Structures are given as C-alpha cells and as structure tokens.
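Notes for the one structure printed next.
The values are calculated or read from the model by the stated rules, or taken from the named source; none is laboratory data. Owing to the predicted nature of the structure, the values given are computational and were not obtained by experimental measurement. Here the Cβ is made from the backbone with ideal geometry for all residues, glycine too, and neighbour counts use every protein chain on show.
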C-alpha cells in the first residue's frame, strides 16, 4: 500500500527503460549478438496463479508472440520472438524500500548481476 504499491513497480520499470537506453547492451547480453530487441511487458493476472506469465510462456513456445496479422495481405507484421532469442527477463513484481540493503531474487546468476 502507499508508496510500495503497483505504481512503485511501474515507476521502477520506466527507470529501468531509461537506464537500458544509456548503457552498452553488450555488457548485459549473454550472446555475442548485439542485434537484440528489448520488450517491456505489463502482465496481468499474476495474483491468480501467474496466469499472465503462463500465457506469455505458452505463446512464446508456440512462436505466436508478438503475433499480428495484416488483414489486407494476410501476412504477419511482426517476427515472432522465440525462447532462444531471450537472454534475460526481469520481473518487477514485489518492490519495497530498504535504505541499507539491495536485495535481488534470481533463479540463475546472470553475468551482469555478479557485479552487485
């Protein structure tokens, strides 16, 4: 509630977008291919058994994300993002304020996070 609400995560996401626009992405990416896209997603349904994340995972594995058909030509407008194209995913779900420490919860250590 208050400052530690969902809006706090949105503001943090905007700050992350600003920061990523100013760093050399080769420091962040695992692969040597610097031709990568950055996708910011706002996912709904996380309080209901991670529905949004599960649906996103499903459509990525089915090669349907992002998927948009041009109805006039019946062709795809966007190239699907496949799971092997994803180097890092950052979930900003539960944020709080601690002036003394920074805590990062992660599944696997990304080389970029080893600096912190």
(1) surrounded by 11 or more Cβ atoms within 10 Å (Cβ to Cβ); (2) at pLDDT 75 or above all hold for residue 25 apart from (2)
Pairing a residue in the range 10-32 that is closer than 14 Å to residue 87 by Cβ with any residue that is at pLDDT below 60 and part of a loop (DSSP other than H, G, I, E, B), where Cβ atoms lie under 7 Å and the two sit 6 or more apart in sequence or on different chains, gives 25/34; 26/34
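Please find, within the range 81-98, the residue that is surrounded by the most Cβ atoms within 10 Å (Cβ to Cβ) out of those that are modelled with pLDDT under 75 and farther than 18 Å from residue 42 by Cβ. Spell out how you get there, then give the answer.
We begin by selecting, within the range 81-98, every residue modelled with pLDDT under 75; these are 87-98.
So of that shortlist, the ones also farther than 18 Å from residue 42 by Cβ come out as 87, 96-98.
Numbers: 87: 14, 96: 8, 97: 7, 98: 7.
Looking at residues that are modelled with pLDDT under 75 and farther than 18 Å from residue 42 by Cβ, I get 87.
Report yes if residue 7 is assigned to a helix (DSSP H, G or I) and at pLDDT below 65, otherwise no.
On the way: assigned to a helix (DSSP H, G or I): yes; at pLDDT below 65: no.
Taking the combined requirement at face value, the residue does not satisfy it.
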Across (1) modelled with pLDDT of 65 or more; (2) in a loop (DSSP other than H, G, I, E, B); (3) surrounded by 10 or more Cβ atoms within 10 Å (Cβ to Cβ); (4) more than 13 Å from the chain's Cα centre (by Cα), residue 73 clears everything bar (3)
The lone condition residue 59 fails out of (1) at pLDDT 75 or above; (2) more than 17 Å from the chain's Cα centre (by Cα) is (2)
Here the qualifying pairs (Cβ atoms under 7 Å; residues six or more apart or on different chains; first in the range 53-67 and in contact (Cβ under 8 Å) with a residue 12 or more places away in the chain; second assigned to a helix (DSSP H, G or I) and surrounded by fewer than 14 Cβ atoms within 10 Å (Cβ to Cβ)) come out as 60/83; 61/83
